[in-house]
1. Show me the GluC sites (Glu not before Pro) within the stretch 157-226 that DSSP assigns to loop and that have at most 15 other Cβ atoms within 10 Å of their Cβ.
2. With each pseudo-label sitting 7 Å past Cα toward Cβ, what's the E23-D170 distance in nm, one decimal?
3. Return a whole-number percent for the relative contact order of the stretch 88-156, with Cα pairs under 8 Å and 6 or more residues apart as the contact set.
4. Among the lysines in the stretch 129-269, how many pairs, 8 or more places apart or on different chains, have alpha carbons under 17 Å apart?
5. Taking 8 Å as the Cα distance limit and 6 or more residues as the minimum spacing, I'd like the relative contact order of the chain as a percentage.
6. In Å, what Kirkwood hydrodynamic radius results for the stretch 72-187 from the alpha-carbon pair distances?
7. Quick one: pull the percentage of alpha-carbon pairs in the chain with a separation above 35 Å.
8. Take each uninterrupted DSSP H stretch in the chain, measure its Cα extent along the helix axis, and return the ones at 15 Å or beyond whose mean Kyte-Doolittle hydropathy is at least -1.0.
Amino acid sequence: MNRLESAIKIDGLRKVFTRKGEEIVAIKGIDLDIKEGDFVSVVGPSGCGKSTFLHIVGGFIDKTSGKVLVKGNEVDKPAPDRGMMFQESTLFPWRKVFGNVAWGLEMQNLPKKEIHERVEHLLKLVGLWEFKDHLPSELSGGMKQRVSLAKVLAFNPEVLLMDEPFGALDSQTREIMQVELLRIWSEAKKSVLFVTHDIEEAVYLSDYVVVLTKRPSTVKEIIKVELPRPRDLSIRKSYEFIDYRNYIWDLLHGEENVKGFSRSVSNAN
Ligand code: ADP
Ligand code: MG
């Protein structure tokens, strides 16, 4: 793999919504270059345009101006080279776990035997092969998100676009999912663009954390996270980890002008 190749390249991205004749500038200007295999998180104040940004890269929302390239191709509509995951699972409730993951492969008209092999591989990858005959309603929130991930991976996308995929999970399940995601990411070797409002999640997972300003958003700073990999959860207790977290916390709270916040408070910790 050529490490210098861009998986996602964004130049001067701008998005203006028009509502009742009024223009809302959601994104003023984003430039970003994500290399193949990188795990990049985006954090920013609520309402700054994170979801809008991810949906533009996914091809679900039109940009106003600028360039969005995925593997060198201009994005203008959704396509299987970009796998999208959301906070709520997007499983078909009437299909069993196996059938949900197989769906993307059936769409490609692959032979039955090949579909079975691929689904088995993917369900083993996310640790749910034994649950292949269960319906989504019989699974926990964390399990549903694992199946959703397997379903997205079935399309063999170039990049994974994830919008707060663990946002609806309790904190313990969330941590387990973060560990699992890193394991799957290191095996599947995909570039990931991951939106979250959880700073620790961003630091734990990422090679780079992109901090956006408040709306209309621009890139405030890109932090390279140089924690060693593979990472286990205990890394969160390290001083290095806490330094990253505090640094990004300061950047974000500087944006949000939170009342009662004083920089000296965080420095004293
Ligand atoms: P985030 O995900 O960072 O919380 P969003 O991307 O959802 O933020 O929204 C960014 C801004 O764009 C918000 O002010 C929101 O109200 C506005 N916005 C999002 N979608 C639309 C839309 N379809 N029409 C008008 N305004 C929108
Ligand atoms: Mg959002």
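1. E226
2. 4.9
3. Contact order relative to length: 52 percent.
4. Total qualifying Lys-Lys pairs in the stretch 129-269 comes to 5.
5. Normalised by residue count, the contact order of the chain is 25 percent.
6. By the Kirkwood definition, the hydrodynamic radius is 14.5 Å.
7. The calculated P(r) of the chain puts 18 percent of pairs beyond 35 Å.
8. 97-107, 112-125, 141-153, 171-188, 239-256
Here, each number is a calculation from the coordinates, and none is a lab measurement. This structure is a prediction, so every number in the text was calculated from the model and none was measured. As a convention, Cβ positions derive from the backbone with ideal geometry for all residues, glycine included, and neighbour counts pool all protein chains shown.
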